[in-house]
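Input: a single structure, listed below in structure tokens.
The values are calculated or read from the model by the stated rules, or taken from the named source; none is laboratory data. Values in this document were obtained by computation on a predicted structure and should not be read as measured data. Glycine gets a Cβ as well: all are built from the backbone with ideal geometry, and neighbour counts include every protein chain shown.
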Amino acid sequence: MKKGFTLIEILIVTSLIMVIIGSISGIMSGVFSSQSKNKATDKINQNGSWILNELKKTILNAKSNGVNGGENFSCPMGVSGNSITITNVKDGEKITISCLGNVSAGYKIASISAVGTTTYLFQGNNDLFLKNCDEFVTCSTLPSLQLSKVKFNFGLGAGVFGLSSGTTKSFSIDLTLRN
């Protein structure tokens, strides 16, 4: 009597091994996709919170006196726009905060001083992108026509391994002027 495996036994064992490998690779792919999404979401939250904080600091240090802000403020009133110009209370310098760019080149959030110095609060990179600039900033007034509120809106997104659409999050902040 010969000791060995028949062709059918070899095929059955091979099939079982392939099913097990397929199951494990599916589980691993899901784990990697989930980890990638969590990392992307953390990066989006960190960057979005930092941008909101910088916008808040800039607006809370702005002069707001005068009807509709007078010379101290230039902002789209009641409609959404992509930039706001303020006068800083500390040094009297005019600063423009803008959402710049387009879909093909990518969007950026920049702070531009009166002397032309540009500081980017956000520039797209390999990890993150800004969704759009359409409704970046909106201003509103009190009944006395004093500029009173500034609202910023933007969305950040990131590509995620294993997901064709990636992940995105919208950020928004309403600020009441104090100066």
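Overview of results
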quantity	calculated
Filter result (farther than 14 Å from residue 156 by Cα, among the charged types (D, E, K, R) and part of a strand (DSSP E or B)) within the stretch 84-112	94
Hits in the stretch 95-139 - residues which are loosely packed, with under 15 Cβ neighbours inside 10 Å, of a type in the set (Ser, Thr, Tyr) and either modelled with pLDDT under 80 or under 15 Å from the mean Cα position of the chain (by Cα) (or both)	104, 120
Candidate set: the stretch 39-51, residues that are among the aliphatic types (A, V, I, L, M) and within 10 Å of the chain's Cα centre (by Cα); chosen: the one nearest to residue 168 (Cα to Cα)	44
Test for residue 179: is it within 19 Å of the chain's Cα centre (by Cα), in a loop (DSSP other than H, G, I, E, B), of a type outside the set (A, V, I, L, M, F, W, C) and modelled with pLDDT under 85	no
Total residues in the stretch 37-63, condition in a helix (DSSP H, G or I), surrounded by 18 or more Cβ atoms within 10 Å (Cβ to Cβ) and not polar (S, T, N, Q)	6
Residue within the stretch 15-26 that is crowded, with 16+ Cβ neighbours inside 10 Å, at pLDDT 85 or above, closer than 27 Å to residue 158 by Cβ and among the hydroxyl-bearing types (Ser, Thr, Tyr) present	no
Pairs with Cβ under 8 Å, 6+ apart, first in the stretch 19-47 and of a type in the set (A, V, I, L, M, F, W, C), second loosely packed, with under 12 Cβ neighbours inside 10 Å	none
Residue within the stretch 156-163 that is of a type outside the set (Ser, Thr, Tyr), assigned to a loop (DSSP other than H, G, I, E, B), under 18 Å from residue 62 (Cβ atoms) and modelled with pLDDT under 75 present	no
Residue within the stretch 114-131 that is under 21 Å from residue 79 (Cα atoms) and acidic (Asp, Glu) present	no
Matching option when the condition is under 21 Å from residue 41 (Cα atoms), touching a helix residue (DSSP H, G or I) at 6+ places or on another chain (Cβ under 8 Å) and hydrophobic (A, V, I, L, M, F, W, C), among 109, 86, 95	109
Single residue of 34, 80 found to be surrounded by fewer than 16 Cβ atoms within 10 Å (Cβ to Cβ) and modelled with pLDDT of 80 or more	34
